[in-house]
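Undergrad: Right, I'll just put the structure down here and ask away after.
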């Protein structure tokens, strides 16, 4: 008797859960509509702008590689005199966080990223150190106080 009651209860529970699951009435029709949709004018304009930006970046890279020489593949938009080259672009300088000292323990600091204790004995103050608690792929750096 108990077995039949528990089986019936489990079946009713499964039916109730299945009734809550969203069901697409005609998934074939929805896939067909998505495949035949054409991009809107706004989407095509954005795509053209992205393509234009990519080509300009490629032209800039080629011109930097040839050190201001004429480009054979693509025409220049503006001509600059040979003496006036634009200044080189400086790489972005990232300021790194400083670690906090562990009170009462010389040579140990708290990592600024996860507050775990890191051993920095024999490393001078202000040195940039990679956080050993993170994998090398993440490359979290901090400065020794």
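Undergrad: If you check residue 90 against the conditions, is it in a loop (DSSP other than H, G, I, E, B) and either surrounded by fewer than 12 Cβ atoms within 10 Å (Cβ to Cβ) or at pLDDT 90 or above (or both)? I'd like the intermediate steps shown before the answer.
TA: Values: in a loop (DSSP other than H, G, I, E, B): yes; either surrounded by fewer than 12 Cβ atoms within 10 Å (Cβ to Cβ) or at pLDDT 90 or above (or both): yes.
Yes: the conditions hold for residue 90.
Undergrad: Look through 108, 141 and report the one residue that is surrounded by 14 or more Cβ atoms within 10 Å (Cβ to Cβ), in contact with a strand residue (DSSP E or B) (Cβ under 6 Å, 6 or more places away or on another chain) and farther than 21 Å from residue 94 by Cα. Break it down into steps so the answer makes sense when it comes.
TA: Details: 141 fails: farther than 21 Å from residue 94 by Cα.
Answer to the selection: 108.
Undergrad: So which residues in the range 19-62 are at pLDDT 75 or above and part of a loop (DSSP other than H, G, I, E, B), if there are any at all?
TA: 40
Undergrad: Restricting to the range 111-132, what's the tally of residues that are crowded, with 17+ Cβ neighbours inside 10 Å and part of a strand (DSSP E or B)?
TA: 2
Undergrad: Could we say that residue 75 is part of a loop (DSSP other than H, G, I, E, B), modelled with pLDDT under 75 and under 25 Å from the mean Cα position of the chain (by Cα) here?
TA: Numbers: part of a loop (DSSP other than H, G, I, E, B): yes; modelled with pLDDT under 75: yes; under 25 Å from the mean Cα position of the chain (by Cα): no.
Spelling it out, it is not the case that residue 75 is part of a loop (DSSP other than H, G, I, E, B), modelled with pLDDT under 75 and under 25 Å from the mean Cα position of the chain (by Cα).
The values are calculated or read from the model by the stated rules, or taken from the named source; none is laboratory data. All figures in this text were calculated on a predicted structure; none of them were measured in a lab. Positions of Cβ are generated from backbone atoms using ideal geometry, with glycine treated the same way; all protein chains shown enter the neighbour counts.
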